[in-house]
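The structure appears right after this line, and notes come after that.
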Amino acid sequence: MARVYLTDSKVTAAKAEPGKRLELSDTGAPWLWLRVTDAGVKSWVLRYRNAKGIARRFKIGDAKTMSLKAARQEAGRLKVEIDRGADPAAAKRQAKADEAARVVRTVGDLLDAYEAACASGEWKPKKKRKRLQTLAYEKAIAVRHIRPDLGKLPLEDVKRPTVKALLRRMIEKGIGAQTNRTHAIIRQAFNFAMAEDLVTANPAIGFDSFHDQKPRARTYTDDELAKLWNGLLNPSALKDDDDKTVKLGRPVAIALQLCALLLQRRGEVAGMALAELDLEAGTWLITAERMKADKPHRVPLPPRAVALIREAIKLAQRDAATRPTFVFPSPRGGGTKPITASALTHACDRLTAALKISDVTVHDLRRTGSTALTSERLGVSPFIRSKVLGHGTDTGGGAAVSSSHYDANEYLAEKRRALEVWETLLLEIVGERKRPSNVTPMREAV
């Protein structure tokens, strides 16, 4: 945070470092601040203390649509009101609560309000804002499983048997893990409703999950990895169960290859942005809001991965009318949105079905590489393996507080060595590199 006399040019040039937020106090107007996220979002914020001396923040407007002059004028107007005892932040929250109470009548209304509150950050069930991927996934679950059956029901008509009946129907249809996720979303939505005084009880608590969810342990064998990799290189040579050619675009195939090489989550690979990449240095910085641990994660890029990313960028630039923002732009987004994680899932399912590889997922590639790293084949320490995967809980045997607050190391060199040895092994497995012989040639006798 810094104090500076803002000008229009300074507002335009203001930029936050990756994974950080920039806040500038405008000396030209009392209490006015410019806030800039690492994604480039700029907003005007008023900081003040109310009549009780409690520190408050109040968003005045978007800096892209509200000029500096207009923001200063609004800050001055609000300052006069605050000096008279007003509290605009509290008034805004009350208005939202009143509006929510007025319009929320059915489960569908509740889901709308819950999703909006999660998206804005107003509702944080685990004291942290939900990631965009999580929000999108929960919305899809609600559209598919909750809204059709419960959406039109008044809140007071939803009882525990109502929720249980929905979950039982899902189990009878053979739906497993998503049944538990549906249960969790209903429970969270009604927790939100209780906090907003919309209901007095939560109908989704007081009973266990319906599906016994066991952690997956499936990994690809060497033969399966070779089949998958070569199928990605030439999917048109494969036939599905209906004897039709497997349709798989090269960009999606590259994304799946990168999932295997870099061992990052499918959503992180699918959403890879050009701004996150430094191909000359061979690094990829995934921003905090895209990471499960809510911390930025720098991934070293081994040579084959760099070549694949360059190929994907050329394809994206060739097919887009304007310069794309993402390495894997969605065909429907005009280059402004990436493909979805589910696109990789569907592609992997079609490919593995044609290859007769059963019970595998995209995420199993991550588990396969993770297992290989710490095996006798590669001998990488579990601590560095955890750093490669972007986990936020492995402390390497040390105190958690030391790791989280007093260790700022990225272990980039160690992560690079780990991913390079994994790339070498993977390319040997799939036949792109010759495996070293374990026979030492003897010198000819003289």
Legend entry - Estimated inter-spin distance, Arg250 and Ala217, nm [label 7 Å along Cα→Cβ]: 4.1 nm
Legend entry - Rounded to whole Hz, the Karplus (6.51, -1.76, 1.60) HN-Hα couplings of the range 196-212, x for glycine and proline: 8, 6, 8, 9, 10, 8, 9, x, 9, 10, x, 8, 6, 5, 7, 10, 7
Legend entry - Set of aspartates and glutamates near Lys415 by C-alpha distance (under 13 Å), chain-local residues within fewer than 8 positions excluded: Glu423
Inset, instruction - Give the residue from Ala117, Leu225, Ala237 lying farthest towards the positive end of the charge dipole for the chain; charges sit on Cβ (+1 for Lys and Arg, -1 for Asp and Glu) and the dipole is referred to the Cα centre. - result: Ala117
Legend entry - Span from the the range 249-309 Cα centroid across to the the range 122-169 one, whole angstrom: 31 Å
Legend entry - Gained length - Lys152 relative to Ala281, 0.36 nm times residue gap less alpha-carbon distance: 41.0 nm
Inset, instruction - Would you mind working out the magnitude of the charge dipole of the range 72-147 relative to its Cα centre, with +1 at each Lys and Arg C-beta and -1 at each Asp and Glu C-beta, to the nearest 20 Debye? - result: 420 debye
Legend entry - Within the range 356-391: backbone nitrogen closer than 19 Å to the Asp240 label point (7 Å, Cα to C-beta): 356-362
Inset, instruction - List the trypsin sites (Lys or Arg not before Pro) within the range 1-82 that fall in a DSSP loop (any state other than H, G, I, E or B) and whose Cβ has at most 16 other Cβ atoms within 10 Å. - result: Lys15, Lys20, Arg21, Lys52, Lys64
Inset, instruction - Just reorder Val41, Val306 by solvent-accessible area, largest first, 1.4 Å probe, all chains present. - result: Val41, Val306
Legend entry - Cα-based shape type of the range 279-354, given that a ≥ b ≥ c are square roots of the gyration tensor eigenvalues and the cut on a/c is 1.5: rounded
Legend entry - Loop sites in the range 106-139: GluC sites (Glu not before Pro), DSSP, at most 16 other Cβ within 10 Å: Glu122
Legend entry - From the coordinates shown, log10 I(q)/I(0) by the Debye sum over Cα atoms at q = 0.09, 0.10, 0.12, 0.14 Å⁻¹ corresponds to which of (1) -0.78, -0.95, -1.25, -1.43; (2) -0.64, -0.79, -1.11, -1.40; (3) -0.58, -0.71, -1.01, -1.33: (1)
Inset, instruction - Could you name the lysines whose alpha carbon sits less than 25 Å from that of Lys244, not counting residues in the same chain fewer than 8 places away? - result: Lys227, Lys356
Legend entry - Greater than 24 Å apart at Cα, pairs in Lys59/Lys139; Lys92/Lys159; Lys42/Lys337: Lys59/Lys139; Lys92/Lys159
Inset, instruction - Obtain the nm distance between the two label points defined at Tyr5 and Asp319 by a simple spin-label model: each point lies 7 Å from its Cα along the Cα-to-C-beta direction. - result: 5.2 nm
Legend entry - Accessible area of the range 1-73 divided out per residue, in Å², using a probe of 1.4 angstrom: 60 Å²
Inset, instruction - Could you please state how large a percent of the accessible area of the chain is carbon and sulfur, counting protein chains only and using a 1.4 Å probe? - result: 52 percent
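What's the ranking of 228-235, 199-206 by average number of surrounding C-beta atoms within 10 Å, highest first?
The most tightly packed comes first, giving 228-235, 199-206.
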Legend entry - Listed residue (Leu132, Ile186, Val143) projecting farthest to the positive dipole end of the range 112-188, Cβ model: Leu132
Legend entry - Computed helical MRE - 222 nm, the chain, DSSP H runs ≥ 4 contributing -39500 (n - 2.57), nearest 500: -14000 deg cm²/dmol
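I'd like the GluC sites (Glu not before Pro) in the range 249-285 restricted to DSSP loop residues with at most 15 other Cβ atoms within 10 Å, sorted by number. Could you put the intermediate results ahead of the total?
Details: sites: Glu268, Glu276, Glu280; in loops: Glu280.
Within the range 249-285, the qualifying GluC sites (Glu not before Pro) (loop, at most 15 other Cβ atoms within 10 Å) are Glu280.
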Legend entry - Accessible solvent surface per residue of the range 156-257, calculated while the other protein chains remain in place, 1.4 angstrom probe, Å²: 56 Å²
Legend entry - Whole-Hz ³J(HN,Hα) from phi, Karplus 6.51 cos²θ - 1.76 cosθ + 1.60, for the range 13-24, glycine and proline x: 7, 4, 8, 8, 6, x, x, 10, 10, 9, 10, 10
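By how many nm would the segment from Arg332 to Glu122 lengthen if fully extended, with 0.36 nm per residue of separation less the alpha-carbon distance?
Once the chain is fully extended between Arg332 and Glu122, it gains 72.6 nm.
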Inset, instruction - Let me know the charge dipole size of the chain about its Cα centre in debye, to the nearest 20, where only the beta-carbon of Lys, Arg (+1) and Asp, Glu (-1) is charged. - result: 980 debye
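The values are calculated or read from the model by the stated rules, or taken from the named source; none is laboratory data. All values reported here derive from a predicted model rather than from experimental measurement. A quick note on method: Cβ atoms are made from the backbone with ideal geometry, for glycine too, and the neighbour counts reach across all protein chains shown. Ligands, DNA and RNA are stripped out before the accessible areas are found, and what is left, the full protein with its side chains, is counted by its heavy atoms. Shrake-Rupley method; radii C 1.70, N 1.55, O 1.52, S 1.80 Å.
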